[in-house]
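Below is one structure, written out as structure tokens, with a few remarks after it.
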Amino acid sequence: MVDAPPSNGPASEGQTQPPIEQQKSIALVDDDRNILTTLSISLQAEGFATRVYTDGETALKALLDNPPDLAIFDIKMPRMDGLHLLQALREQSSLPVIFLTSKDEEPDEALGLALGADDYITKPFSQRLLVARIRAILRRSELVRATPEEAVQENLPEPVVRGRLRLDPARHLVDWDDKPVSLTVTEFLILEAMALRPGVVKSRNQLMDAAYSDDVYVDDRTIDSHIKRLRRKFRAVDPEFAAIDTLYGAGYSFSDG
């Protein structure tokens, strides 16, 4: 980790800025200290608190011990790269993650999304675009903490019940047979797209549209990987889970029978 100068004075490694009401914290993981400093200053100017780490191993422990609201990983890093960091993180956490990638790292982008990243930004990138992506993901993620009263006040959607599945879009929660299933933002959106119309086959393109912003392209294998992860997570609470059906060559559907 390195120091990243905050807007109101120096900060020590991994330390957040002085608390501000409703301030969201962003963890930045990159071995390029210049990028860390630039990003940290930029995000602080947008009202975010930042924590900075220069390697994946150090970041992993910090992200699990004291989770931020969102993390941004570079892919290429020493000791533990961004892909291995995400893979280790996803074993214990559904923390929203955005990848920073270079134009020549397209296979890594696809793998990162398949492992559970919520989005990626290609370098060089617009600070405005990055902030927009961060705000969009945080907005979806913070609904997890919304109380029923807040959901009513904001006219948020009611829970969706399909057989043994219960989806709460307002709070981003999922239960199967009254047992919680922890999903990432992307996994939740894919499942929701299928569960809203049980029995209707959703093509991979339709699931991509449901889960990703318009300027993010993912291939068929990425959606297939998300489906595999969904099945694995549900089978962890119910070994007999078989509610996600595959229609080869067409797509996937949810069966509430």
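None of the figures in this text is laboratory data; all of them are computed from the coordinates on show. Given the structure is predicted, the values throughout are model-derived calculations rather than measurements. Positions of Cβ are backbone-derived with ideal geometry, glycine not excepted, and every protein chain shown enters the neighbour counts.
List of remarks:
- Table column - 3J(HN,Hα) (Hz), the stretch 236-242, Karplus curve with 6.51, -1.76, 1.60, x for Gly and Pro: 5, 9, 8, x, 8, 4, 8
- Take each peptide in 49-55, 75-81, count the other Cβ atoms within 10 Å of every residue, and average; sorted highest first, the result is 49-55, 75-81.
- Couplings 3J(HN,Hα) of the stretch 197-212, computed from phi: 9, x, x, 8, 6, 9, 5, 4, 5, 5, 5, 4, 4, 6, 9, 10 Hz, in residue order, whole Hz [Karplus 6.51 cos²θ - 1.76 cosθ + 1.60, θ = phi - 60°; x for Gly and Pro].
- Relative contact order %, the stretch 23-143, counting alpha carbon pairs below 8 Å whose residues are six or more apart: 22 percent
- Annotation: amide H-H contacts under 5 Å for residue 119 (H modelled 1.01 Å from N, sequence separation of 5 or more, or interchain): 97, 99.
- Overall Cα dimensions of the stretch 158-252, principal axis frame, Å, largest first: 35, 28, 21
- Set of lysines with alpha-carbon distance to residue 61 below 21 Å, sequence-local pairs under 8 removed: 24, 76
- Protection proxy ranking of 225-235, 57-67 - average other beta-carbon atoms within 10 Å, highest first: 225-235, 57-67
- Computed over the stretch 158-252: relative contact order in percent, which uses C-alpha pairs under 8 Å that are six or more apart: 23 percent
- Ranked by the mean number of other Cβ atoms within 10 Å per residue, highest first, peptides 115-121, 173-179 order as 115-121, 173-179.
- Cα pair distances in the stretch 23-143, grouped into 5 Å bins until the bin that holds the longest one, percent each: 2, 12, 25, 28, 22, 10, 1
- Computed over the stretch 161-209, Kirkwood Rh from alpha-carbon pairs, angstrom: 11.3 Å
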